[in-house]
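Just below is one structure, and these are the notes that go with it.
The values are calculated or read from the model by the stated rules, or taken from the named source; none is laboratory data. Small disclaimer: the values here were computed from a predicted structure and weren't measured. Positions of Cβ are generated from backbone atoms using ideal geometry, with glycine treated the same way; all protein chains shown enter the neighbour counts. What goes into the accessible areas is simple: the full protein's heavy atoms, side chains included, and nothing from ligands, DNA or RNA. Shrake-Rupley method; radii C 1.70, N 1.55, O 1.52, S 1.80 Å.
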Amino acid sequence: MSPDTEFRGRLALVTGAARGIGAAVTRALVARGAHVVATDRDAQGLDRLAADRPDHPDRLTVRPLDVTDPEAVEALVADVERTVGPLDVAVNVAGILRSSPVTALRDEDWAATFAVNTNGVLHVSRAAARRMVERGTGSIVTVASNAAGIPRTGMAAYAASKAAAVMFTKCLGLEVAARGVRCNTVSPGSTDTDMQRALWAEAGSTDRDAAARRVIEGDLAAHRTGIPLGRIAAPDDVAEAVLFLASDRARHITLHDLYVDGGATLRA
Ligand code: NAI
């Protein structure tokens, strides 16, 4: 099957779709034939996404959704299945990053981080998996982070929330494998999005190229190894990995964690 049509007739739900990696995943799925229900808590961002994609209006539905609210997630998934169709693919992209050393970490930042990055993944994956197992088919992809696999200073809450999301997704995958549902994670490294630029701004950098160079070169004093491939990821690089795992090309792959970090975590 041509890559341009490999998702033809498939219905996908994407969270965190208003910008960055979620928007790239949404665009790529629509371009390859899927109908995408693009969700985000940022309703205006969703409207911008829809306005940017006038080419396939029939294949893009935007719906505001806060993934931290389990009842709202369940209601939206039920409504989508009733009014649009059965979900074939669910992609968890919504995420937040609040950096702080642990000694200064506020309880509300820890809780907010887990509410989105971990609980949100539970809410969406559970609602999708319940329905997918009944039909004996489906694919769930969670976008985690390479910070889940390597300690980072100032990122304990974020890294722990993402590590939990990875293990949750693997355990879910094990439970539903015999029912024909695959569950995988994509763990990106530094990717050029608003989230990454906010991190650079927090570090006091207004010069995008200089900040990117520092990330690429690494910083031994901060125990960061740099990026062996010598570039910051584009959102499309991450979307490509998500689409592979969501597609039938990955039909024999489940419980996998695919790193898209240019070698930054030196994983063998
Ligand atoms: P971003 O900050 O540019 O976009 C995140 C989107 O998630 C936003 O549109 C935001 O409104 C939405 N969102 C946040 N909380 C939400 C909630 N409660 N309910 C629904 N939507 C919510 O971030 P980016 O960079 O596109 O990140 C996407 C995912 O990739 C996140 O899970 C992030 O942790 C992960 N990631 C990003 C990396 C990077 O360097 N940009 C590196 C590794 C992982």
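Quick notes on this one:
- When the inverse distances between all different Cα atoms of the chain are averaged and flipped, the Kirkwood radius reads 18.7 angstrom.
- Residues considered: THR39, THR193, THR103. Largest GNM mean-square fluctuation over the chain, using C-alpha springs under 10 Å, is found at THR103.
- Solvent-accessible area per residue, Å², over the chain with all protein chains present [probe radius 1.4 Å]: 47 Å²
- For region 192-232, the relative contact order works out to 28 percent when only alpha carbon pairs closer than 8 Å and six or more residues apart are counted.
- Fluctuation leader among ALA75, ALA34, ALA163 - the chain, Gaussian network, Cα springs under 10 angstrom: ALA75
- Taking only protein heavy atoms and a 1.4 Å probe, the accessible area of region 71-133 is 54% carbon and sulfur.
- Only Lys, Arg (+1) and Asp, Glu (-1) charged, at Cβ; region 1-107 dipole about Cα centre in debye: 320 debye
- Residue among ALA203, GLY218, LEU229 farthest towards the positive dipole end of region 192-232, charges placed on Cβ: LEU229
- Multiplying the residue separation of ASP4 and ALA50 by 0.36 nm and removing their Cα-Cα distance gives an extension gain of 14.6 nm.
- Listed residue (ALA51, THR39, GLY138) projecting farthest to the positive dipole end of the chain, Cβ model: GLY138
- Label zone at HIS256, where the point sits 7 Å out along the Cα-to-Cβ direction: region 116-154 residues whose backbone N lies under 19 Å: 137-146, 149
- Taking the C-alpha atoms of region 192-232, convex hull volume expressed per residue in Å³: 67 Å³
- Of LEU49, LEU220, LEU258, the one that fluctuates the most in a GNM where the chain has Cα springs shorter than 10 Å: LEU220
- Length released on extending from ARG98 to VAL133, taking residue separation times 0.36 nm less the Cα-Cα span: 9.1 nm
- Given charges at beta-carbon only (K, R positive; D, E negative), |dipole| of the chain in Debye: 580 debye
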